[in-house]
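Throughout, read-outs are computed from the coordinates displayed, never taken from laboratory work. Here the structure is a predicted model, which means the values were calculated and not measured. Quick reminder, even Gly has a Cβ in these numbers, built from the backbone with ideal geometry, and neighbours come from all protein chains shown.
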Protein chains: 2
Amino acid sequence: MGEIPKNVMETLARDGKLVGNIILDFLESRKDETELHHQMMQEYAKRAGKSLRPTLCIESCGALGGNPKDAYRVAAALEIFQQWILMHDDVEDDSDERRGKPAIHKMYGVPLAVNAGDALHIRMWEFLFEEKNSHKPAKVFEILDEFAAMATRCTQGQTMDVGWVSRNEWNLDYSDYLRMCELKTAGYTFVTPVRLGAIIANADKSIFPIIDRLGFKIGVVFQIQDDILNLVGEEEKYGKEIAGDLWEGKRTLMLIHLLKNASVSDKKEFLEIMSKPRHQKTEKEIEKVLAMIKKYKSIEYAKGVAADLSNESKKIFNNELAPLMKESSHKQFFVDIADFIINREV
Amino acid sequence: MGEIPKNVMETLARDGKLVGNIILDFLESRKDETELHHQMMQEYAKRAGKSLRPTLCIESCGALGGNPKDAYRVAAALEIFQQWILMHDDVEDDSDERRGKPAIHKMYGVPLAVNAGDALHIRMWEFLFEEKNSHKPAKVFEILDEFAAMATRCTQGQTMDVGWVSRNEWNLDYSDYLRMCELKTAGYTFVTPVRLGAIIANADKSIFPIIDRLGFKIGVVFQIQDDILNLVGEEEKYGKEIAGDLWEGKRTLMLIHLLKNASVSDKKEFLEIMSKPRHQKTEKEIEKVLAMIKKYKSIEYAKGVAADLSNESKKIFNNELAPLMKESSHKQFFVDIADFIINREV
């Protein structure tokens, strides 16, 4: 894939550091009764993430005529959201690592990890309730409703995703996968951060349907690209285990395509392999599935879907959202990141 | 133990049914994308609980001069809190049953159960944010802050409780146990429900320190009594597995007393037995621990502590809280339930 443009990386790093410090100061200021609790609450906050979500919030506020500084705290709350939901995601997927270190339940066990995620979730709301000191009540409630809608969507998407694996569901259509991506990823990665930036910038309400249409599409493009990279990427560049999704049994556009097009015997073999839990699969079986993906050109199919969605995203961004943005470094960030996602070759 | 007075039972049943219907209507009205998600969200809501917390909220509102009806929704939110935190508690303790049916993770697996608890947690806030349609913003924020403080306390207490077991910590003082009870149980069982009732009734702020002093004490009494019943109760009446706490390794006042008073050899044997996880302990070992508890009169010690706290609670209730309550069926509920807890023989 193409490299992320330098100025995008710099903005992510700068905004990420800003919100990271706000979060650590906030968590540090809270009385946590026990050292163990205090430590768990900060476990993921002390590890640097990509900061995509808080950066989108801050830069959209700036690009839509607001003062980016006014968005710092809400952007920090988005990052707190990311941290607690990752704690629970890691338990749910039994992940080994997160941001280059052991996942929280590998350090403290599942019971304390679930509780730590809850504790940080509650702290997120406490942190957001303090917005009453900076904004009028109506705006605070608007922000709170955005967060609740975002979080609800994530849990709905997670039920689909985890439910398919735990119930060994393969009777899925393309639309099921696309809907799951919208709910689980696109909403909290693109839609809500930009909507929050717009709210803080006091942007005209007519912008919201544009953000929604663009954000849900570009978020799905991003997820499909990520799923493809998981199959074909170079481990070093991609930063995750290659074909990890196949070991895990994750439902992707490629696998749904494969099932729709496979011969009866290939389909039977595929289902036999993919019905096994992770540790019962063999290298050879994973290679067989990879060969089927190649045989039925399922990656090509997914690339085609991503390309169509990219083109639609490009049109919405260029014709509808970009004209509403002020010329500025903030707008440039959007132009560059949209360009990167829409045009990246996977 | 003495039976719960009939009118207390009736009030619990009536208020419980009221809030139960509010919750089911609310959950039913939400679009849940998938049937699986919808079903999990309602799993515990469809099982009748004791309804102690919502009833305390409604009756305190009435007893303090408010209209009990104004407290219905906030009382329902307390019950939603109870439901999602039980989902996560059941995962954390690996409980088999809840309210007479399988625990949620025994039905759907741990990943979906953790996610369902999160989803219901978010719905609780969504439900509370709607209070903006019934109250002035300042009061809504007051209610939200109460909920956040309550939930934070629970997670802090849970870290102590679960942390002691998972790290095999036995170097504990009486004050550690009492503090854990205050945080984990007393706050959300007594303090917050009554404070919320007072807020909705527009009670004078001077009542809050009284509620806090009384609620934290009576909540600890309640927990000590529960811990004693777990050792000596009749299974049928108590409704839980007898000595289940010993199998689980739960730290109680009796065990802390035992460790402080045991001979070197008894202490060594106790620690050997109690360091084992549940399924590695034998009936014979549990009987040995029960014999030690008897030998060192640890239950008598705990009864003494509970009696002292009961006397203090009685004084606070009779001299400080009861005089602020209007003569009414609501006040009578408080008199009866306080009397029951303070005087019950365990």
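Numbers for the structure displayed
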quantity: Sorted largest first, extent of the range B:160-270 alpha carbons per principal axis (Å); calculated: 57, 33, 23
quantity: Per residue convex hull volume, Cα atoms of the range B:234-346, in Å³; calculated: 125
quantity: Calculated FRET value between A:R14 and A:D308, using beta carbons and R₀ = 35 Å, to 0.05; calculated: 0.55
quantity: Sequence of A:L253, B:L86 once ranked by neighbouring C-beta atoms within 10 Å, starting from the fewest; calculated: B:L86, A:L253
quantity: FRET efficiency, 1/(1 + (r/R0)^6) with R0 51 Å, evaluated for B:N202 and A:K276 via beta carbons; calculated: 0.25
quantity: Within the protein assembly as shown: Cβ-based charge dipole about Cα centre, in debye rounded to nearest 20 (Lys, Arg +1; Asp, Glu -1); calculated: 440
quantity: Order of B:K184, A:K50, A:K132, B:K284 - criterion: other Cβ atoms within 10 Å of each residue's Cβ, fewest first; calculated: B:K284, A:K50, A:K132, B:K184
quantity: Sequence-separation-based contact order of chain B, relative, with Cα cut under 8 Å and 6+ spacing, percent; calculated: 21
quantity: Residue and distance (whole Å) for the chain B Cβ nearest the axis that superposes B on A; calculated: B:P137, 2
quantity: Length-normalised contact order for the range A:108-224 - Cα pairs under 8 Å, 6+ apart - percent; calculated: 25
quantity: Label-point gap, in nm, between B:D339 and A:S329 - each point 7 angstrom along Cα→Cβ; calculated: 7.2
quantity: Kirkwood Rh, angstrom, the range A:6-333 [1 / mean 1/r, Cα pairs]; calculated: 21.1
quantity: Virtual spin-label span in nm between B:A138 and B:K101, 7 Å along Cα→Cβ; calculated: 4.4
quantity: Flagged links, alpha-carbon separation over 28 Å, of B:K101/B:K326; A:K250/A:K303; A:K205/B:K136; B:K250/B:K297; B:K17/B:K101; B:K101/B:K315; calculated: B:K101/B:K326; B:K101/B:K315
quantity: Order of B:T282, B:T185 - criterion: other Cβ atoms within 10 Å of each residue's Cβ, fewest first; calculated: B:T282, B:T185
quantity: Computed magnitude of the charge dipole of chain B (debye, nearest 20; Cβ of K, R +1, Cβ of D, E -1); calculated: 480
quantity: Column: log10 I(q)/I(0), Debye, Cα scatterers of the protein assembly as shown, q = 0.06, 0.07, 0.11 Å⁻¹; calculated: -0.39, -0.53, -1.18
quantity: DSSP H segments from chain A that extend 24 Å or more along their own axis, Cα-based, with Kyte-Doolittle mean of 1.0 or above; calculated: A:207-232
quantity: Distant-in-sequence amide H partners of A:R98 (H built 1.01 Å from N, under 5 Å); calculated: A:A103
